[in-house]
Amino acid sequence: MSRPPPEPVQVVKQRRDAALSTLVAAVPYIGFLGVGFDRRGDELTAILPFSDRLIGNPALPALHGGATAAFLEITAIVELAWAQLWEEMEAGRLDPGTLSGRIPLLPKTIDLTVDYLRAGLPRDAYARAHITRSGRRYASVRVEAWQDNRARPFAQASGHFLMPGEEG
């Protein structure tokens, strides 16, 4: 019994990147804030490029708390949705090409608690989410945001999310 040859790595990478792009494009607010995602395997790092319109207190200057909270929430939601997509893609149950033009079902926020640890400086910010629990109906996520030094986060969040159902 012969197995088909594996797909070239570049083809797999392009398919995964296209699936992530489709997921991110499904939420216009992500584009409005300018948030992007760097994918390394199944790990995502969210990137919030600095913009003057994100400044909340021009006297310091510091990032607006609402923009910071939105960045953390976006990171958590995309991480949850990506984890589901990744599992489906790797199991062969989902062809990422079928996502094109279709809005994926996204988790809905139940609650999000944000801790502002220090002022966000006028520069790019990065965030990573860690799923602490994920079931069929409910998930818990921790998110950490930093700027120059990952060991010194400027904000962190903990949230609970309602996972999308099979019935759509």
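For region 61-85, the set of residues classified as modelled with pLDDT under 90, surrounded by 19 or more Cβ atoms within 10 Å (Cβ to Cβ) and out of contact with any helix residue (DSSP H, G or I) (no Cβ under 8 Å at 6 or more places or on another chain) consists of Gln84 only. The number of residues in region 124-136 being in a loop (DSSP other than H, G, I, E, B) and either of a type in the set (Val, Ile, Thr) or modelled with pLDDT of 95 or more (or both) comes to 1. Within region 141-153, residues that are without any contact (Cβ under 8 Å) to a residue 40 or more places away in the chain and of a type in the set (A, V, I, L, M, F, W, C) reach partners that are surrounded by 11 or more Cβ atoms within 10 Å (Cβ to Cβ) and part of a strand (DSSP E or B) with beta carbons closer than 7 Å, at six or more positions or on different chains, in the pairs Trp146/Tyr126.
Filtering region 13-49 to residues that are without any contact (Cβ under 8 Å) to a residue 60 or more places away in the chain, touching a Gly at 6+ places or on another chain (Cβ under 8 Å) and not β-branched (Val, Ile, Thr) leaves only Ala25. Out of the residues in region 33-60 meeting the condition of being over 23 Å from Asn149 (Cβ atoms) and within 15 Å of the chain's Cα centre (by Cα), tell me which one is surrounded by the most Cβ atoms within 10 Å (Cβ to Cβ). Residue satisfying both the conditions and the ranking: Asp42.
The values are calculated or read from the model by the stated rules, or taken from the named source; none is laboratory data. Since the model is a prediction, treat every value here as computed from it, not as a measurement. Backbone-built Cβ (ideal geometry, glycine too); neighbour counts: all protein chains shown.
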